[in-house]
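The structure under discussion appears below in the form of structure tokens.
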Amino acid sequence: MKINTSHPVGAAIALVAVCFSKLDVQSTPAPVESQWQQWEYRVAELNEELEDEENGMNLEGYGIISFELVAWVEHDGGNKTAVFKRPKWK
């Protein structure tokens, strides 16, 4: 009777390969400095035509200078308050 040794040898090779691959995974990565995104905010009082009465800019103007609308409040009399934010430049 002949014994087939290819299966146990193949299993041993696979086991050794798995053990060596685990060594690489367990190494500690280099520390990375994490930073939180900081934001710049602007509050604008808008008239009925949706223009900022302080500087004459409309909603599209705020978008052009990279602000996005995050809050909107409508007041009696037709005026509105808008809050915009954009990433703070360093």
message = Considering only residues that are under 24 Å from residue 35 (Cα atoms) and of a type in the set (A, V, I, L, M), which ones fall in region 54-82?
response = 65, 69, 70
ask   = Which of the residues that make up region 33-90 are among the β-branched types (Val, Ile, Thr) and either touching a Phe, Trp or Tyr at 6+ places or on another chain (Cβ under 9 Å) or in a loop (DSSP other than H, G, I, E, B) (or both)?
value = 43, 65, 70, 81, 83
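FYI, it's all coordinate maths here, none of it is from the lab. Since we're looking at a predicted model, the values are computed, not measured. Every residue, glycine as well, gets a Cβ built from its backbone with ideal geometry; the counts of neighbours run over all protein chains shown.
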